[in-house]
1. Eight or more residues apart or on different chains, and alpha-carbon atoms under 12 Å: count the Lys pairs in the range 18-83 matching that.
2. Residue by residue through the range 198-207, what is 3J(HN,Hα) from phi via Karplus (6.51 cos²θ - 1.76 cosθ + 1.60, θ = phi - 60°)? Round to whole Hz and write x for glycine and proline.
3. In 10 Å bins starting at 0, how do the alpha-carbon pair distances of the chain split up by percent?
4. Please work out the ratio of the alpha-carbon Rg of the range 169-216 to 2.2 N^0.38 Å and round it to two decimals.
5. Could you work out the percent of alpha carbon pairs in the range 18-83 separated by over 15 Å, rounded to a whole number?
6. By how many degrees, between 0 and 90 and to the nearest 10, does the Cα long axis of helix 18-31 differ from the longest principal axis of the chain?
7. Fewest Cβ neighbours within 10 Å first, please rank C165, C34 accordingly.
8. For the range 72-81, what does the Karplus curve 6.51 cos²θ - 1.76 cosθ + 1.60, with θ = phi - 60°, yield as ³J(HN,Hα) per residue in whole Hz, taken in order and with x for Gly and Pro?
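Computed from the coordinates by the stated procedures, all read-outs in this text should not be read as laboratory data. The shown structure was predicted, so the numbers you read here are calculated from the model rather than taken from an experiment. Neighbour counts run over all protein chains shown; Cβ positions are idealised from the backbone, glycine included.
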Amino acid sequence: MKIKGLIFDLDGVLVSTEKNHFTAWKKTAERLECDFTELDNEQLKGISRVDSLKKIIALTGTNVSPVEFDELLIFKNEIYLESIRELGPADALPGVVELLQQAKAHDIKLGVGSSSKNANAILELLQIKDLFDAIIDGNGVSAPKPDPEVFLNAARDMGLSAAECIVFEDAESGIMAAKAGGFKVIATGNPHVAELAHAYVETLIDFNLSIYEESF
Ligand code: BG6
Ligand code: MG
């Protein structure tokens with residue numbers, strides 16, 4: 001199948017901000033007297049800010065008021081934003097810029113499909129935003145991952161069908177979203193989810209489009 005578009009998740013695929021999300025959630029969970037672990041965080045990867053907080057609250061077995069819920073969301077995002085303030089072009093993950101440039105040179109369309117409401121700001125800090133033909137983030141969907149909407153909207157804005165695109169993901173929720181939308185999905189950066197995807201590459205340096213076109 002000729003691939004005409006590549007759609008990238010952001011956190012953990014284009015940039016290693018997953019550890020920043022984890023640290024910010026851990027501090028937020030401390031306010032709820034919850035000892036939040038990296039294993040717990042695995043369930044949060046790829047899902048929206050609101051759904052993440054709901055999962056942490058479920059871990060504590062307590063209830064929080066709607067006001068406290070909103071305060072916790074703001075608290076988490078402030079810690080997160082402070083931690084990524086100095087993000088720059090050197091923070092794009094290995095192989096990212098090279099792959100984006102190669103794809104552009106071959107007229108392959110590029111998209112982002114992220115649950116993050118901070119995606120546009122991060123792409124600007126990395127100085128890669130202008131390379132993308134479509135950017136769908138957490139502000140642009142009614143149903144977050146694992147719903148396929150984010151990827152379907154990205155493909156639509158690229159003028160392509162799901163079958164013509166490959167999605168790159170590092171999280172179970174995102175892999176499920178891509179599969180539900182009829183995309184081929186390559187897991188990267190997170191060996192825990194490798195088995196769930198159609199293929200796995202440790203970093204995007206290891207991705208070669210012509211090999212994948214032959215095998216898909
Ligand atoms: C996803 C991350 O990309 O975005 C999650 O994998 C994060 O860890 C989610 O919680 C929402 O991000 P934000 O920036 O809107 O809080
Ligand atoms: Mg991710």
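1. Values: K19/K45; K26/K76; K27/K76; K45/K55.
Count of close lysine pairs: 4.
2. For the range 198-207, the Karplus curve yields 6, 7, 9, 10, 5, 9, 6, 4, 7, 8 Hz.
3. Going out from 0 Å in 10 Å bins, the chain shows 9, 36, 36, 15, 4, 0 percent.
4. Values: Rg = 10.2 Å, N = 48, 2.2 N^0.38 = 9.6 Å.
It is 1.07.
5. On the way: 923 of 2145 pairs.
Result for the distance tail: 43 percent.
6. With rounding to tens, the tilt is 10 degrees.
7. Working: C165 27, C34 18.
Lowest to highest Cβ neighbour count: C34, C165.
8. Per residue, the Karplus-derived 3J(HN,Hα) values read 5, 4, 5, 4, 4, 5, 5, 4, 4, 4 Hz.
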